[in-house]
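One structure is given below, encoded as structure tokens.
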Amino acid sequence: MNYVDHIIVNEKIPEHCEFVVLGFSQGVSIAARWLGLKKNKCDRFIIISGKFPAEITTLQVMHLQHTKVFLTVGENDNLISSELLQQQIERLKALFPKLIEIPHEGGHQIVSSLFSIYLEK
């Protein structure tokens, strides 16, 4: 997480920019911990085909109440069982009541055509 902090500082992102955090696969846990444990903020948090860390609590993500949170998982993702997906959806909805689910027909992958949807909602 310190590496992510270092990147953010060096990039000098202007305050007026919309800040989007995307986590894919194992990167979901890094992104979620960076946001939750370090109290970092973003305008949009995109979770793609990954597991949200079990130790992150509601209290740790309260500062993200105005963040648009998206969950995308492929219907043919062989790394995420339907049971695990349902558990993740329930947990994420408890943490982020306005969770936006955007499934796709593919597998364990990033679908670039969905970026326009993430950015328009």
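There is at least one residue in the range 82-92 that is within 17 Å of Ile30 (Cβ to Cβ), modelled with pLDDT of 95 or more and not polar (S, T, N, Q). Among residues of the range 51-69 being among the aliphatic types (A, V, I, L, M) and assigned to a loop (DSSP other than H, G, I, E, B), the one that is surrounded by the most Cβ atoms within 10 Å (Cβ to Cβ) is Ile56. Scanning the range 1-46 for residues that are in a helix (DSSP H, G or I) and hydroxyl-bearing (Ser, Thr, Tyr), we see that the one that is modelled with the highest pLDDT is Ser29.
Criterion first (of a type outside the set (D, E, K, R), part of a helix (DSSP H, G or I), touching a strand residue (DSSP E or B) at 6+ places or on another chain (Cβ under 8 Å) and without any contact (Cβ under 8 Å) to a residue 24 or more places away in the chain) does Ile89 satisfy it? The answer is yes for Ile89.
The values are calculated or read from the model by the stated rules, or taken from the named source; none is laboratory data. What you see is a predicted model, and the numbers here were worked out from it, not measured in a lab. Using ideal geometry, Cβ is built from the backbone for each residue, glycine included, and neighbour counts are taken over all protein chains shown.
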